[in-house]
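The values are calculated or read from the model by the stated rules, or taken from the named source; none is laboratory data. Here the structure is a predicted model, which is why all the values come from computation and not from measurement. Neighbour counts are summed over all protein chains in view; Cβ atoms, including those assigned to glycine, are modelled from backbone coordinates with ideal geometry.
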Amino acid sequence: MENGDGNEGTSAFHVPEWMQIQFADQKQEFNKRPTKIGRRSLSRSISQSSTDSYSSAASYTDSSDDETSPRDKQQKNSKGSSDFCVKNIKQAEFGRREIEIAEQEMPALMALRKRAQGEKPLAGAKIVGCTHITAQTAVLMETLGALGAQCRWAACNIYSTLNEVAAALAESGFPVFAWKGESEDDFWWCIDRCVNVEGWQPNMILDDGGDLTHWIYKKYPNMFKKIKGIVEESVTGVHRLYQLSKAGKLCVPAMNVNDSVTKQKFDNLYCCRESILDGLKRTTDMMFGGKQVVVCGYGEVGKGCCAALKAMGSIVYVTEIDPICALQACMDGFRLVKLNEVIRQVDIVITCTGNKNVVTREHLDRMKNSCIVCNMGHSNTEIDVASLRTPELTWERVRSQVDHVIWPDGKRIVLLAEGRLLNLSCSTVPTFVLSITATTQALALIELYNAPEGRYKQDVYLLPKKMDEYVASLHLPTFDAHLTELTDEQAKYLGLNKNGPFKPNYYRY
């Protein structure tokens with residue numbers, strides 16, 4: 001076990017029997033793609049409300065009460081429960097179909113559910129979560145429930161919730177408090193409704209961005225002290241955890257899932273490589289060939305965005321503060337620049353740094369007419385959107401999540417999702433990649449919840465290498481991929497266990 005400082009944990013990670021990597025000559029579960037595969041076009045067409053889609057296929061949404069805040073509605077599911085707050089509980093049937101489609105592309109979670117549900121490794125766990133509420137998250141939540149956990153959930157982003165999926169979860173008995181288009185006040189109200197429940201004390205946190213963790217830490221300090229573990233999946237949230245740890249204020253162990261190999265090298269890279277184009281195309285209908293794009297940040301998210309745009313024929317510039325990432329960008333064929341050097345000429349500006357004020361009002365003032373500005377980082381701090389809310393500038397809503405911000409001289413920029421996360425706010429993301437992340441999150445929760453006293457101290461830890469390898473192995477059968485098994489002689493020569501881990505903790509992949 002490696003913690004945030006690279007130190008070894010106090011006890012070796014024990015691999016349960018159900019978590020053994022299976023080789024090609026062994027019996028494999030889920031060794032072929034499921035034969036029952038729903039139409040993906042249906043998933044895409046019903047994944048957004050009628051106001052967010054340009055397809056009539058989304059017309060199932062009941063728009064008669066769209067203007068009514070869910071907080072003002074009295075809703076109950078078929079079992080008579082009202083412990084939830086969603087846009088419209090009547091959309092549950094459509095949400096259930098989305099979840100069923102997502103299950104087909106999430107083989108590892110389904111395998112984990114099948115292998116471990118008899119053992120119920122999360123029995124007694126009371127998990128409060130704050131993540132994007134999508135069909136993929138629903139599969140994760142239902143897996144956690146099958147493994148014995150009780151869950152209460154809110155959304156980590158005011159635009160990314162799929163209303164029909166939230167309704168399906170509420171209908172299934174999950175206390176969910178989220179809807180697409182929440183206000184800032186709604187956002188914090190939903191988090192508080194998840195946490196502040198009479199007779200229910202959470203003992204685990206699954207967070208994406210750190211808002212839930214900090215809400216409990218600040219508002220309910222006694223509750224925070226009783227938490228057994230925190231699992232965090234975003235750059236922003238992990239940064240906030242390390243700040244708490246450095247200040248000596250982190251009184252519970254936390255697992256940094258964002259820097260696990262199976263999150264960073266797959267979700268951050270491959271997910272963004274596909275979803276950046278989807279988000280831009282859905283919102284702007286633009287052609288990418290020949291467009292000049294500047295991508296701020298060349299971490300895994302930036303690498304995915306740059307690769308996709310380059311493949312579509314765009315001219316891509318990169319900004320970076322880290323000389324190592326900068327050198328990677330140069331070696332990959334991208335021109336490394338300062339933002340000021342290209343801001344007047346580029347057609348698209350994309351931020352993915354995890355920082356704040358990367359694009360300032362000065363940059364926005366100098367952009368060319370019709371420049372598209374968007375963010376692929378978790379938080380809405382990267383673009384200084386607040387500086388655009390001034391009397392001399394006019395805001396014009398073009399489509400859902402698309403605004404023209406117009407200067408007095410007639411120049412306008414196209415701002416997407418008000419500077420929030422583009423792909424989950426404006427489009428969808430590849431389910432299979434999210435299966436990798438969700439499985440990693442589930443195993444991190446299992447590990448922290450079941451860890452004996454003393455294994456994890458009040459610090460931030462990385463996922464055990466063996467667990468990363470197990471997550472990867474669960475996804476290989478989807479490709480009919482067969483792992484090569486070391487001979488005894490080879491394993492002895494390399495100084496490895498035949499069943500892993502196969503790389504040292506310092507290996508970079």
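Could you please find all residues in region 241-275 being in contact (Cβ under 8 Å) with a residue 12 or more places away in the chain, within 26 Å of GLU453 (Cβ to Cβ) and charged (D, E, K, R)? Don't jump to the end; show me each part of the working.
Here is the first cut: in region 241-275, the ones in contact (Cβ under 8 Å) with a residue 12 or more places away in the chain are 241-242, 244-245, 249-275.
Among the residues that remain, those that are also within 26 Å of GLU453 (Cβ to Cβ) are: 241-242, 244-245, 249-257, 259-260.
LYS249, ASP259 - these are the residues of region 241-275 that are in contact (Cβ under 8 Å) with a residue 12 or more places away in the chain, within 26 Å of GLU453 (Cβ to Cβ) and charged (D, E, K, R).
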Exercise. Please enumerate the residues belonging to region 227-258 that are closer than 17 Å to GLY299 by Cα and small (Gly, Ala, Ser).
Key: SER234, GLY237
Practice problem: Output the residues belonging to region 82-121 that are of a type in the set (Asp, Glu) and either buried (at least 21 other Cβ atoms within 10 Å of the Cβ) or in a strand (DSSP E or B) (or both). | Solution: GLU98, GLU103, GLU105
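Here is a list: TYR298, TYR317, TYR270. Which entry is over 26 Å from VAL238 (Cα atoms) and either within 19 Å of the chain's Cα centre (by Cα) or aromatic (Phe, Trp, Tyr) (or both)?
Numbers: TYR298 fails: over 26 Å from VAL238 (Cα atoms); TYR270 fails: over 26 Å from VAL238 (Cα atoms).
Being over 26 Å from VAL238 (Cα atoms) and either within 19 Å of the chain's Cα centre (by Cα) or aromatic (Phe, Trp, Tyr) (or both) holds for just one of TYR298, TYR317, TYR270, which is TYR317.
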Quiz item: Within region 257-275, can one find any residue that is in contact with a Phe, Trp or Tyr (Cβ under 8 Å, 6 or more places away or on another chain), among the β-branched types (Val, Ile, Thr), at negative phi and not in a helix (DSSP H, G or I)?
Solution: no
Practice problem: Would you point out which residue out of LEU445, LEU476, LEU463, LEU416 is of a type in the set (A, V, I, L, M) and surrounded by fewer than 24 Cβ atoms within 10 Å (Cβ to Cβ)? | Solution: LEU476
Exercise. May I ask you to list the residues in region 361-393 that are exposed (fewer than 13 other Cβ atoms within 10 Å of the Cβ) and either of a type in the set (S, T, N, Q) or part of a loop (DSSP other than H, G, I, E, B) (or both)?
Key: ASN369, ARG389, THR390, PRO391, GLU392
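Got at least one residue in region 122-130 being part of a loop (DSSP other than H, G, I, E, B), surrounded by fewer than 17 Cβ atoms within 10 Å (Cβ to Cβ), at pLDDT 95 or above and out of contact with any helix residue (DSSP H, G or I) (no Cβ under 7 Å at 6 or more places or on another chain)?
Initial filter on region 122-130 (part of a loop (DSSP other than H, G, I, E, B)): 122-125.
Checking the rest, the ones that are also surrounded by fewer than 17 Cβ atoms within 10 Å (Cβ to Cβ) come to 123-124.
Now restrict to residues that are at pLDDT 95 or above: 123-124.
Within this subset, residues satisfying the condition of being out of contact with any helix residue (DSSP H, G or I) (no Cβ under 7 Å at 6 or more places or on another chain) are 123-124.
The answer is yes; a qualifying residue exists.
Hand me the list of helices (runs of 4 or more DSSP H) wholly inside region 140-241 holding 1 or more residues that are buried (at least 23 other Cβ atoms within 10 Å of the Cβ) and at pLDDT 95 or above. Write out each step before concluding.
Working: elements: 163-171, 184-195, 211-219, 221-225.
In region 140-241, 163-171, 184-195, 211-219 are the helices (runs of 4 or more DSSP H) which contain 1 or more residues that are buried (at least 23 other Cβ atoms within 10 Å of the Cβ) and at pLDDT 95 or above.
I'd like the full set of residues that are among the aromatic types (Phe, Trp, Tyr) and closer than 27 Å to GLN264 by Cα, limited to region 218-252.
In the first step, residues of region 218-252 are kept if they are among the aromatic types (Phe, Trp, Tyr); the result is 220, 224, 242.
Once the filter is applied, which keeps residues that are among the aromatic types (Phe, Trp, Tyr) and closer than 27 Å to GLN264 by Cα, region 218-252 yields only TYR242.
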Quiz prompt | Breaking point among (1) more than 18 Å from THR353 (Cα to Cα); (2) of a type outside the set (Ser, Thr, Tyr); (3) in contact with a helix residue (DSSP H, G or I) (Cβ under 9 Å, 6 or more places away or on another chain); (4) at pLDDT 95 or above, for ARG282 | solution = (4)
Practice problem: Name, by its number, the condition in (1) at positive phi; (2) over 27 Å from the mean Cα position of the chain (by Cα) that does not hold for GLN401. | Solution: (2)
Quiz item: Within region 376-394, is there a residue that is free of Cβ contacts under 8 Å to residues at least 12 places away in the same chain, more than 27 Å from SER245 (Cα to Cα) and small (Gly, Ala, Ser)?
Solution: yes
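So, ALA116, is that one modelled with pLDDT of 75 or more, touching a Leu at 6+ places or on another chain (Cβ under 9 Å), of a type in the set (Gly, Ala, Ser) and under 30 Å from PRO253 (Cα atoms) or not? So that I can check it myself, show each step before the final result.
Details: modelled with pLDDT of 75 or more: yes; touching a Leu at 6+ places or on another chain (Cβ under 9 Å): yes; of a type in the set (Gly, Ala, Ser): yes; under 30 Å from PRO253 (Cα atoms): yes.
So ALA116 passes the test.
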Quiz item: Is there a residue being surrounded by fewer than 20 Cβ atoms within 10 Å (Cβ to Cβ), of a type in the set (Asp, Glu) and either in contact (Cβ under 8 Å) with a residue 60 or more places away in the chain or under 19 Å from GLY237 (Cα atoms) (or both) anywhere in region 483-498?
Solution: yes
